[in-house]
Amino acid sequence: MQTTIIDYGMNAEGVAKVDNFIYFVPYSMFGEKVEIEVEQQFKNYAIAKLKNILVQSTKRLSPPCPYFYECGGCALQHMDYFEQLEYKALLIKKTIKKITGIDAPVSNTVASDNIFKYRNKASFNFSNNKSGFFKHNSKDIIDISYCMLLDDNINQIYSLFKEYLSKHNSIKPYIKNLVVRSIDQQILVGIVSSTDIKCNSFYDLLTKHFKQVGLYLIINKRKDSVVLSGQCKHIAGIKEINIKNYNINYNIDLLSFHQTNIDIQNKIYDKVLDYIKRDETVINAFSGAGLLSAIISKKARFVYGIEIEKSSHEKAEQLIKTNHIKNVKNILGDFNQKYKIIKEKVDTIILDPSKKGCGKDIMRQINGINSIIYISCNPIALAKDLQIIKNNYIIEEIIPFDMFANTNSVETLVKLKIKEKI
Ligand SMILES: C[S@@+](CC[C@H](N)C(=O)[O-])C[C@H]1O[C@@H](n2cnc3c(N)ncnc32)[C@H](O)[C@@H]1O
């Protein structure tokens, strides 16, 4: 069947309409004339294979990564970068419109300085003599030698570990994951294993290649896909990475949360700082290792940071001590419980939740605060949260940030102001 691609779907697949029936065509691009073949038929739509491109988009690229069509990591390497940025802004606009009915203003997507080698952390999966990432919509591993999105050190350590395993067959069946974090030439490596294993000699190998490196063993007996869980043993070398950013000194370890693309992280934080008014009281909900709280404390009167994960909270506490910051209070616990203990009037709340968003309970609790700054990594969860408070707020600005270039993910910053009561 021949048709034209008239839109993009939620997973960057092209959308065609023939006789009022919708076809999703992975890897096709907006405006292309294509030949398609139905692969899966559903009641209201079908998924079709791109058989032939009859008229190609001028924005189509040959994907540089050899694993692109199989690997579940990237979804956009066949688009030039401007098309990727446009696609992401449109995705946010459409998602918010569909869920909330609001025709919201969405700015152009802020580009990443680097669209390859930007990731400072990766978690590789190991199983049955294969290692790499999951295939699209699957728990099957695609065997890869490297990933173009990762910092060079991470790829090098992955190669070294594969080589090490080839010489240490006895530990191979227990290895579940390799987690590597590399920032400013400081590297933390975590071997995730289903049982206790001896891996000290891997540290010796690492020190032949890297000056500042540390090795952890994480004994994870879980059967689900959660990686960093269970006993975490420090084997040797550095325990933490020390970062200086915004003139603030702070440490993170393998378990603490840190954004994966620091260039885009800083662009978002600059904008958040812009939104904060001098001398206001701010809650930084979901505050991670505390960098953003510290940045805004330079302008705000007082900042409360709330974080559920102990290791990140401890890093946030260490940060305010090291940098002699007096107007930040870090609270450990679940936002829903801890929010209630803040008794003074709050002017602004920053929400930066995990992928699942804030949800009804949190959105209802904060409904009424003058100003909300929402940072989201999931447009659908964001739109559902906005739906809960939309009658009380005006959306002042929505800015997409390309935290995850070449992938289908996007980070969105939304600024909301409470409606004036008449
Ligand atoms: C996307 S991260 C943002 C971290 C931080 N704002 C930053 O930019 O580095 C989300 C954080 O929320 C924390 N978190 C998740 N659920 C939470 C809850 N119910 N209450 C408080 N913190 C939570 C996670 O541990 C994680 O550190």
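A 1.4 Å probe run over the protein chains yields, for region 294-422, 45 Å² of accessible area per residue, whole-number rounding. Given their separation in residues at 0.36 nm each and the Cα-Cα distance between them, residue 344 and residue 365 gain 6.1 nm when the chain is fully extended.
Tell me, what is the per residue accessible area of region 227-283 in Å², probe radius 1.4 Å?
Normalised by residue count, the accessible surface of region 227-283 is 44 Å².
Show that you can apply the helix-only estimate: for the chain, add -39,500 (n - 2.57) for every DSSP H stretch of four or more residues, divide by all residues, and state [θ] at 222 nm to the nearest 500.
-7000 deg cm²/dmol
Phi angles across region 282-293 convert, under the Karplus curve 6.51 cos²θ - 1.76 cosθ + 1.60 with θ = phi - 60°, into 3J(HN,Hα) values of 10, 9, 9, 6, 6, 8, x, 7, x, 5, 4, 4 Hz, Gly and Pro given as x. Across the chain, the mean sequence separation of Cα contacts (distance under 8 Å, 6 or more residues apart), normalised by length, yields a relative contact order of 12 percent.
Springs between alpha-carbon atoms under 10 Å, Gaussian network over the chain: tell me which of 284, 261, 370 tops the mean-square fluctuations. Looking only at 284, 261, 370, the largest GNM fluctuation is found for 370.
Here, P(r) means the percent of Cα pairs in each 10 Å bin from 0 to the largest distance; for region 121-244 it is 13, 48, 34, 5, 0.
The packing ranking, built from the mean of other Cβ atoms within 10 Å per residue, places the peptides 286-297, 269-280 in the order 286-297, 269-280, highest first. Nonpolar atom fraction for the chain, defined as the carbon and sulfur part of the 1.4 Å probe accessible area, stands at 50 percent.
The values are calculated or read from the model by the stated rules, or taken from the named source; none is laboratory data. Since we're looking at a predicted model, the values are computed, not measured. Note that we place each Cβ from the backbone using ideal geometry, even for glycine, and neighbour counts take in every protein chain shown. With ligands, DNA and RNA removed, areas are computed over all heavy atoms of the protein, side chains included. Shrake-Rupley method; radii C 1.70, N 1.55, O 1.52, S 1.80 Å.
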